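Here is the structure we will look at.
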Amino acid sequence: MARLNLEALITKFFTEYLKNNKEIEIYNEFSLQHELGVFLRGELKGNFQEEKYKVQFERNVSFFKLDKSKLEEGFVKREIDICIYNEEEKYAIELKFPTNGQVPEQMYAFIKDIKFMEQVKESGFTGAFSVCLVNNSEFYSLKSKNDDIYSYFRIEDAELPSSKEIEKPTGKRDQRIKLKKSYRIKWNELSKDVNPQIRLKRDDKNDPIKFYIIQIEKI
């Protein structure tokens, strides 16, 4: 049983920490990774000092000497964006903050992150999370095209299925992902007090900024 309520801490980062620390700017994925990591390190040092958690970035899965015997295929990725661990517990967070369009390709990358987190969870991590932040309504609002991969992110209560392979939507379409479990994408809108800190790439857009957190349960 996980002792650390990491989902609550990640939510606090978006809903409280950014709102109360207006000098922070999130302008690309690396800045999101850095600021979330700094926040988590401060929270854990202040409230979980005895547990001696370490917060590190871009750790290769090989560092943790995981049990890969249950995996049906190799890891779909190797580097974990944020790792939190001590001698008894290991947590992983994968992050996405797309800023250059490529909507269907990025949606496929979101699913790949979820698959990766399933794999690290299945290999022995205490907890695993896929976190996505977007400033473009193309990712979450109904548009002219809402089927296939779009449906999982644009249609409320749509289910990201475990029952079928999800095909890469562009290019040669020679890549597929099959999840172990089903997931529902629940978008949460950030407070407008936070929005100015998250720079938009396009001056003509002022879309609501939203995020989701997917926690991987027992596989």
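When you check L36 against the structure, is it in contact with a helix residue (DSSP H, G or I) (Cβ under 8 Å, 6 or more places away or on another chain), assigned to a helix (DSSP H, G or I), modelled with pLDDT of 95 or more and not charged (D, E, K, R), yes or no? Spelling it out, L36 is indeed in contact with a helix residue (DSSP H, G or I) (Cβ under 8 Å, 6 or more places away or on another chain), assigned to a helix (DSSP H, G or I), modelled with pLDDT of 95 or more and not charged (D, E, K, R). Against the definition (out of contact with any helix residue (DSSP H, G or I) (no Cβ under 6 Å at 6 or more places or on another chain) and modelled with pLDDT of 85 or more), how does P196 come out, yes or no? So P196 fails the test.
With the structure loaded, tell me whether A128 is under 26 Å from L18 (Cβ atoms), touching a Phe, Trp or Tyr at 6+ places or on another chain (Cβ under 8 Å), surrounded by 14 or more Cβ atoms within 10 Å (Cβ to Cβ) and not hydroxyl-bearing (S, T, Y) or whether it fails that test. In short, yes.
Can you find even one residue in the range 12-20 that is of a type in the set (S, T, N, Q), outside any helix (DSSP H, G or I) and surrounded by fewer than 13 Cβ atoms within 10 Å (Cβ to Cβ)? No.
Selection over the range 176-192 of residues that are without any contact (Cβ under 8 Å) to a residue 12 or more places away in the chain and either surrounded by 14 or more Cβ atoms within 10 Å (Cβ to Cβ) or farther than 20 Å from I209 by Cβ (or both) gives a count of 1.
Checked against (1) touching a Leu at 6+ places or on another chain (Cβ under 9 Å); (2) touching a residue at least 60 places away in the same chain (Cβ under 8 Å), E25 passes all but condition (1). Does G42 satisfy being farther than 19 Å from S191 by Cα, assigned to a helix (DSSP H, G or I), of a type in the set (G, A, S) and free of Cβ contacts under 8 Å to residues at least 12 places away in the same chain? The answer is yes for G42.
The residues on offer are F63, F57, F30, and the sole one that is in a strand (DSSP E or B) and either surrounded by fewer than 19 Cβ atoms within 10 Å (Cβ to Cβ) or among the aromatic types (F, W, Y) (or both) is F57. The condition of being within 17 Å of L95 (Cα to Cα) and either modelled with pLDDT under 95 or of a type in the set (D, E) (or both) holds for only one of E51, E7, E43, that being E7. Residues that are surrounded by fewer than 12 Cβ atoms within 10 Å (Cβ to Cβ) and either touching a Leu at 6+ places or on another chain (Cβ under 8 Å) or more than 24 Å from I198 (Cβ to Cβ) (or both): does the range 94-106 have at least one? Among the residues of the range 94-106, not one is surrounded by fewer than 12 Cβ atoms within 10 Å (Cβ to Cβ) and either touching a Leu at 6+ places or on another chain (Cβ under 8 Å) or more than 24 Å from I198 (Cβ to Cβ) (or both), which makes the answer no.
The values are calculated or read from the model by the stated rules, or taken from the named source; none is laboratory data. Note that this is a predicted model, so its numbers are computed, not measured. With ideal geometry, Cβ positions are generated from the backbone for all residues, glycine too; neighbour counts draw on all protein chains shown.
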